[in-house]
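Some notes on the structure that comes next.
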Amino acid sequence: MFGNTVCILEKNLSRENLITVGTGFLINCNSDNTYVITTKHMITKENPGYINISLATDDEPQLVYKIPLKNDNENNLTNHETSDICSIRIDKNIVPIIEKHKKTQVILDEKILCNKWEYGEIIDSYSIGFSAGSLNPIIRQGPTFIPFIKKEPEWIASMMDFPGDSGSPVYETKNNTIIGMRSAKDGTKGIAWIVPAYRIKEVLKQP
């Protein structure tokens, strides 16, 4: 049910007290590279070095994977120039380990990123994410409003917004394609800011 969603954990881990700091999701690009997609502000806040992720599952023990953030010639961390998006390429040796411990498909093809919508459209949607401090994924439902102005950097969804929701994939209810990712802005309550899926694709195309 929870698809490719993962929770991102604090760096100082305690097995007795795992704390969620945000959400991310896994995307495979061109059948070659697999990425954790999340928000730029969350990775910056957590200080690059590595992140810990755990699968969104309710039928397995909590399994934690340490993903290093490389800043040398083997850089695996890419930030979008203008949007709150970060992609982290996963080492190919980790991918089969992740898939082995998940009964449902956890790594989805980039084709799930939706590009078909109209300006001014209202889309029935839902997000799957982890509020801060929770290891249980939460589904939030509400309409996403696509503005009439072309190339608007963010959309708005009528969903409750809590710390930790940033990085949650937002799905179109009708066909379960990803239309965007939840971001955050200070001083806003009762609405969610959505980075469009086409901007996520821009990060995947970068080297």
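No other residue among Gly180, Gly167 is modelled with pLDDT of 90 or more, assigned to a loop (DSSP other than H, G, I, E, B) and outside the structural domain of Thr38 (by TED's automatic domain parsing) apart from Gly167. Is it the case that the stretch 128-140 has a residue that's at pLDDT below 85 and at positive phi? Looking for residues that are at pLDDT below 85 and at positive phi, one finds at least one in the stretch 128-140, hence yes. The set of residues from the stretch 120-138 being under 18 Å from Thr173 (Cα atoms) and assigned to a loop (DSSP other than H, G, I, E, B) comprises Gly120, Glu121, Pro137.
Can you tell me which residue in the stretch 83-98 is modelled with the lowest pLDDT, limited to those that are surrounded by 14 or more Cβ atoms within 10 Å (Cβ to Cβ) and not in a loop (DSSP other than H, G, I, E, B)? Checking each candidate, the answer is Ile98. Can you confirm whether Ile122 is modelled with pLDDT under 80, surrounded by fewer than 21 Cβ atoms within 10 Å (Cβ to Cβ) and over 15 Å from the mean Cα position of the chain (by Cα)? In short, no.
The values are calculated or read from the model by the stated rules, or taken from the named source; none is laboratory data. Keep in mind that this is a model prediction, so the values were computed, not measured. Cβ sites come from the backbone with ideal geometry, for glycine too, and all protein chains shown count toward neighbours.
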